[in-house]
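Report on the structure given below.
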Amino acid sequence: MPSTFFGLTIASSGLSAYQVALNTSANNISNVQTKGYSKQQANRVASESIRAYAKYGSMGTGVTTESVKQLRNQYYDNKYWYNQSSVGLYETKLNYLKQIENYFIDDDSSKGFSTILNTMFNDLDTLKNNAGDVNTRQQFIGSAQNFATFFNSVASGLGDIQNNANEEIKSTVQNINSIAEKIASLNHQINVIEIQGGYANELRDQRALLIDELSKIVPTEAEELPVQNSNDPELPTGANYFTVKIGGQVLVDTYDYETLKCVARENKVNQSDMDGLYDVKWEKTGNSFKAGASSMSGTLKALFDIRDGNNGENFTGEARVIDSKHVKVVSPSITDIEAMTVPESGTLTIYGKDYNYTNFTFETDANGKITSYTFELEDALSQQQSNKVDGMQASIGSSVDTMGVPYYMSQMNQFLRSFCSLFNDIMLKGQDLDGNATDYYSFFTGADQVTGEEYVLGKSDKNHGNTTDCGASSYYKLTASNICVSSICVKDSSKLAAQYKADTEEGVDKYKLVEDLAKLKSDTVLFRAGNASGFLKCMISDISIDTQQSTIFSNNYTNIQAALETQRMSVSGVDEDEEALDLIKFQNAYNLSSKMISVMAEVYDKLIEETGV
């Protein structure tokens, strides 16, 4: 039979239980604006009954607060984390694409490509009518310099964007490592608390907030499984295994975590790449972390896309071993000299293995198309290596199906090589103001960015049908970064060719050469089946489509994020009105328990004081 004072014990359990409930509500209310906080709930159950050894058998013993736990829905968390990587991908992409777009703006408020091109050809038209005037010649040369400077500045700006993306990759990798370390530390703290029977609500919120952040950077999966008691599987230990994967690879395994590192590339992947671009690898194993792979997503993927995006136009072909130091690549993917993006020295990947090369030559057919490349390797191949690579697929860099900085640099180089080779071919047939041949220099040329020495570009590398190296005479050396007007003409405008050698007898006012140059603006196919004036339209079309696509996807995934966040908050968010109602409910329950104690006190007083023998 229960004690005479058993009713007082039952009432006091109510006081304790609702005191906990009130405290929990107070904690919720105080954290209503705390980022990442999940609503906590005091879970109450009826206390175990006791045998009364009476007709009714047993009786209740009151209420027990079993736990105070956060309210979270793992399904909504997983959906949110899955979507976050797409949000990070398109937000970051859009930010960088808008920066790239700024360099191709061509309106009345900016002196863009169209204005500069029109000015150059207008000055060329003026030259045709007054070619004997030194000042007219100098005016045209000055506008040609502006034309070259425009591409220099755009190339420099795109290079800065590539460098910025590269540095952001480094800081993002450091952030991933920091998050991994914090999650592993929190796992330990959570298990220490929960093994002792508690529930680490606040620490779990901190961990979930870190995964929110991580999921925007890389695709993230998190899984929590209970640690089984080997002696009694039915008896919970309170501890849990907690695993975090990024891109399908384990980053955190309960208390252990992996780290990533940035390794500067030994060689360039694209001719116009900046030096020191990073590859990301796992610290312990040295294996590559393919953050830019097509299956990846998130901020890190976007940075790689912008930095390395080549629209899927990397160099590929079939390797043929000539000897231990030379490998020929036939059936190449790049057959036009204008479109060549292969770095002078770099890394050739054959059958999954990298081989450094020091230089290369290429062979062209009668139509000027490249039929093969021959690479000189830095280290000689062994017989076993030769057998493995012969006939295998060869490539330089990876196919990144995004229009990033390398793509736009390649497009500018392609246009300039085509335009300048045709322009120079006409100029090479001319003579200067003194009647001297001008075939000893190239009007549009490039300058070595180390020595400053100008290249003497020959006739375009087409129609040779022979082997050509990538030396100073090849238009391969001309890029948007180094294009300039020959210093010979800049210093002395009389050296500018304005008429053909055969037209000498026609006098200084007969300038068919200048007329042929003028046709390059609109009458000659130069770039992507268009003329010179159509170059910018192609560039703006490319960047506008990519920017518009990123804008649409960014908005869509941001809207999905908002919907998922609403669903998450419907479960784990703190609602002021709901908490206010809970306060009233718990207060009333607490008051009733207090009233019960008062009633029991009167009963005991009557029993003890007024009942006697």
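The values are calculated or read from the model by the stated rules, or taken from the named source; none is laboratory data. None of the values given here were measured: they were computed from a predicted structure. Backbone-built Cβ (ideal geometry, glycine too); neighbour counts: all protein chains shown.
Computed values, structure above
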read-out: Segment 31-46: number of residues that are assigned to a loop (DSSP other than H, G, I, E, B) and closer than 18 Å to PHE586 by Cα; value: 1
read-out: Which listed residue is surrounded by fewer than 17 Cβ atoms within 10 Å (Cβ to Cβ) and within 30 Å of VAL218 (Cβ to Cβ), from GLY346, GLY276, GLY292, GLY309; value: GLY276
read-out: Any strands (runs of 3 or more DSSP E) falling wholly within segment 345-419 and containing at least 2 residues that are β-branched (Val, Ile, Thr) and within 29 Å of GLY292 (Cα to Cα); value: 346-350
read-out: Output for segment 206-254, where each listed residue is over 23 Å from LYS290 (Cβ atoms), acidic (Asp, Glu) and out of contact with any helix residue (DSSP H, G or I) (no Cβ under 9 Å at 6 or more places or on another chain); value: ASP232, GLU234
read-out: Residue match in segment 178-198 (condition: within 30 Å of TYR557 (Cβ to Cβ), not in a helix (DSSP H, G or I) and not polar (S, T, N, Q)); value: no
read-out: Options GLU167, GLU101: the member that is closer than 25 Å to VAL269 by Cα, in a helix (DSSP H, G or I) and at pLDDT 95 or above; value: GLU167
read-out: Members of segment 170-206 that are under 30 Å from ASN270 (Cα atoms) and aliphatic (A, V, I, L, M); value: VAL173, ILE176
read-out: Condition check for ALA589: in contact with a Phe, Trp or Tyr (Cβ under 7 Å, 6 or more places away or on another chain) and either under 30 Å from LEU15 (Cα atoms) or among the β-branched types (Val, Ile, Thr) (or both); value: yes
read-out: Residue check, SER333 assigned to a loop (DSSP other than H, G, I, E, B) and not acidic (Asp, Glu); value: yes
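A quick yes/no check of all residues on (1) in contact with a strand residue (DSSP E or B) (Cβ under 9 Å, 6 or more places away or on another chain); (2) aliphatic (A, V, I, L, M); (3) assigned to a helix (DSSP H, G or I); (4) modelled with pLDDT of 90 or more:
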| site | (1), (2), (3), (4) |
| --- | --- |
| ALA502 | no, yes, yes, no |
| GLU515 | no, no, yes, no |
| LYS521 | no, no, no, no |
| MET539 | no, yes, yes, no |
| GLN548 | no, no, yes, yes |
| ILE552 | no, yes, yes, yes |
| VAL571 | no, yes, yes, yes |
| GLU579 | no, no, yes, yes |
